[in-house]
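Chemist: Quick one: structure below, then a few questions.
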Amino acid sequence: MVEKIQAIRGMNDILPHQIAHWQHLEELFRQLLEQYGYQEIRFPVVESTQLFKRSIGEVTDIVEKEMYTFTDLNGDSLTLRPEGTAGCLRACLEHGLLYNQQQKLWYFGPMFRHEKPQKGRYRQFFQFGIEALGISGADIEIELIALCKRFWKALGISEHLKLEINSLGELSERQAYKETLVSYFKANFELLDEDSKRRLDRNPLRILDSKNPQMKALVQDAPKLIDCLGEESRARFQSLREGLDRLGLSYTINPVLVRGLDYYGHTVFEWVTDKLGSQATVCAGGRYDVLVEHMGGDPTPAVGFALGVERLLLLLETLAIQKTAPKIPSLYIIATGQGAGQHAIELAEKLHDSGQGWQIHTNMTGGSFKSQFKKADKSGADYALILGEDEIASGQVGLKDLRLDGVQASYPVDTLITILTEKTATRV
Ligand code: HAM
């Protein structure tokens, strides 16, 4: 017995019966982004390891322990992308897209992180991502948040996603704050868990993101970055808040929202739900004005977010919201007798030629009328088109509505197409 090879843990197959939900989300997202003037960009799934180390930050969970890194046959260190921002910027820089111009870009695709798999947390997961490059100020941040809200509304889930915002200020402000925070945690050293002790010297801000309930009180009482910001950073945050208020976009300020990637400064935000347990963040992002320069480009303000598609689908499923595109009317061609297969294909081609966009299944495995009707029924088709010996001899095609009346009648092909066009136009 040959041992079956299984998928890698945390990497999911997306099966035919699930695809309609994915495609519907993809289509809605694409339409929305087009309406907001964004263009799609596609960049490789594999990049040089250095790209992610430099952009995401050496002392982050992603870079320290979650990257799929390997040496290729040339001896180069490569990594499966754990997120999209780095690759998107690399592509823009490499092709001169940021030279004296703004870019509003979106992407969709798989990301890879070696995390502990659980519901809503996978090793291969998909993101819809957006990057707006070359635009400073709060207005673009507000527009991005409004766009998210519009997406949630289109999906009927807006009341289940809450917006949390924070400001991480300037690098110098974060550095000063880090010292304050380290002193605070050192004074409470015995209360820190092992993870936090390890982070204390290397990346103390991440302690604020601890999911350990034992750390909750300590984190809550910690000094807040937002209270340590200078006047300019406060003013920036204030204009974000005012803009959100003006559009009626409600939010809460989460002072311990620090994000797991190092490139952020000033505005950060997350959309969270209480319906998915600990994998509560469905969409997250923020401003990262220093990253382009850090990657070798000219200083370029930038802001973006990414949305976890599996989490969004889980949320829709939890709320029992079925979102799929309307079904295309489908026809099933049944044929028996001499040369039946050839006649069936010719009919199918004529139906495709009609340009009506019907989904057409052609039975290609023979069998009696009875067994073919069974297959037609099982396929979910709306109509059966029947080519028996009589029909073939008289140049006609039998038509039977499989879902409604079940009456069968025969027509010449042109008449059949006219009838089907009328019938399928009124059927949902
Ligand atoms: P992130 O917070 O690392 O940000 O990921 C964004 C979203 O991807 C998360 O909120 C979550 O919905 C989803 N996600 C992350 N990890 C997993 C996982 N292991 N399994 C399932 N879903 C996951 C970024 O990736 C940034 N590049 C976002 C960004 C774009 N910031 C600016 N521009």
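The values are calculated or read from the model by the stated rules, or taken from the named source; none is laboratory data. What you see is a predicted model, and the numbers here were worked out from it, not measured in a lab. Neighbour counts run over all protein chains shown; Cβ positions are idealised from the backbone, glycine included. Quick note on the areas: whole protein, heavy atoms, side chains included, nothing else; ligands and nucleic acids left out. Shrake-Rupley method; radii C 1.70, N 1.55, O 1.52, S 1.80 Å.
Chemist: Taking the solvent-accessible surface of protein heavy atoms with a 1.4 Å probe, what is the per residue accessible area of the range 266-423 in Å²? Can you show the working numbers first?
Modeler: Working: 7460 Å² over 158 residues.
Ligands and nucleic acids excluded, the result is 47 Å² per residue.
Chemist: Once you have the Kirkwood Rh of the chain from its Cα pairs, apply Stokes-Einstein at 25 °C and 0.890 mPa s and quote D in µm²/s. Present the calculation step by step, with values, prior to reporting the outcome.
Modeler: Values: Rh = 25.3 Å.
Once the numbers are plugged in, D ends up at 97 µm²/s.
Chemist: How tilted is helix 16-35 with respect to the longest principal axis of the chain? Cα atoms for both, answer in degrees (0 to 90, nearest 10).
Modeler: With rounding to tens, the tilt is 60 degrees.
Chemist: To continue, here is another question. Rounded to a whole number, what % of the accessible area of the range 103-244 do carbon and sulfur atoms account for, probe 1.4 Å? Before the final figure, lay out each step's value.
Modeler: Numbers: 3130 of 6640 Å².
For the range 103-244, the apolar C and S fraction of the accessible surface comes to 47 percent.
Chemist: If you don't mind, another one. Could you tell me the distance between the Cα centroids of the range 98-159 and the range 167-221, to the nearest Å?
Modeler: If you average the Cα positions of each part, the centres end up 27 Å apart.
Chemist: Can you tell me the dipole magnitude for the chain around its Cα centre, using point charges on the Cβ only (Lys, Arg +1; Asp, Glu -1), in Debye to the nearest 20?
Modeler: 1000 debye
Chemist: For the range 104-175, give the magnitude of the charge dipole about the Cα centre (Cβ charges: +1 Lys/Arg, -1 Asp/Glu; no others), in debye to the nearest 20.
Modeler: Numbers: 11 positive and 9 negative charges, 117 e Å.
Magnitude of the dipole: close to 560 debye.
Chemist: Further, regarding this structure: Just read off the accessible area of His343 with the full protein assembly in place, 1.4 Å probe, to the nearest 10 Å².
Modeler: About 70 Å², rounded to the nearest 10.
Chemist: Continuing with this model, one more query. Which GluC sites (Glu not before Pro) from the range 57-128 combine a DSSP loop assignment with at most 14 other Cβ atoms within 10 Å?
Modeler: Numbers: sites: Glu58, Glu64, Glu66, Glu83, Glu94, Glu115; in loops: Glu58, Glu83, Glu115.
Filter output for the range 57-128: Glu58.
Chemist: Give the angle, between 0 and 90 degrees and rounded to the nearest 10, that separates the Cα long axis of helix 340-353 from the longest principal axis of the Cα atoms of the chain.
Modeler: 60 degrees
Chemist: Provide the gained length on full extension for the span Asp227 to Gln6, in nm with one decimal, where the gain is 0.36 nm per separating residue minus the Cα-Cα distance.
Modeler: Working: separation 221, 0.36 × 221 = 79.56 nm, distance 5.10 nm.
So the chain would gain 74.5 nm between Asp227 and Gln6.
Chemist: In this model, which of Lys65/Lys178; Lys104/Lys327; Lys149/Lys275; Lys350/Lys423; Lys53/Lys197; Lys53/Lys162 are farther than 27 Å apart at the alpha-carbon?
Modeler: Working: Lys65/Lys178 23 Å; Lys104/Lys327 32 Å; Lys149/Lys275 17 Å; Lys350/Lys423 18 Å; Lys53/Lys197 23 Å; Lys53/Lys162 31 Å.
Those over the limit are Lys104/Lys327; Lys53/Lys162.
Chemist: Can I ask one more? Report the accessible area of His114, computed with a 1.4 Å probe over the heavy atoms of all protein chains in place, in Å² rounded to the nearest 10.
Modeler: Looks like 80 Å² after rounding.
Chemist: Please give every one of the aspartates and glutamates within straight-line cross-link reach of Lys216, meaning a C-alpha to C-alpha distance under 17 Å, and leave out same-chain neighbours fewer than 8 residues apart.
Modeler: Glu190, Asp193, Glu194, Asp195
Chemist: Let me ask you something else. If you keep only loop residues by DSSP, which trypsin sites (Lys or Arg not before Pro) in the range 392-427 have at most 12 other Cβ atoms within 10 Å of their Cβ? Spell out each step's value before the answer.
Modeler: On the way: sites: Lys400, Arg403, Lys423, Arg427; in loops: Arg403, Arg427.
Here the sparse-neighbourhood loop sites are Arg403.
Chemist: Let's see if you can work this out: charge +1 on each Lys and Arg Cβ, -1 on each Asp and Glu Cβ, no other charges. What is the dipole magnitude of the range 339-428 about its Cα centre, in debye to the nearest 20? Each step should come with its number before you reach the end.
Modeler: Details: 9 positive and 12 negative charges, 90 e Å.
Here the size comes out at about 440 debye.
Chemist: To the nearest 10 degrees, how steep is helix 309-318 against the longest Cα principal axis of the chain, on a 0 to 90 scale?
Modeler: On a 0 to 90 degree scale, this one is about 70.
Chemist: On to the next question. Which loop trypsin sites (Lys or Arg not before Pro) in the range 175-237, with loop taken from DSSP, have no more than 11 other Cβ atoms within 10 angstrom of their Cβ? Show your work: numbers first, answer last.
Modeler: Values: sites: Lys178, Lys186, Lys197, Arg198, Arg199, Arg202, Arg206, Lys211, Lys216, Lys224, Arg234, Arg236; in loops: Lys211, Lys224.
Those satisfying the criteria are Lys211.
Chemist: Then there is this: Determine the order of Thr49, Thr421 by accessible area, beginning with the largest, at a probe radius of 1.4 Å. Working shown, then result.
Modeler: Numbers: Thr49 10, Thr421 40 Å².
Order by accessible area, largest first: Thr421, Thr49.
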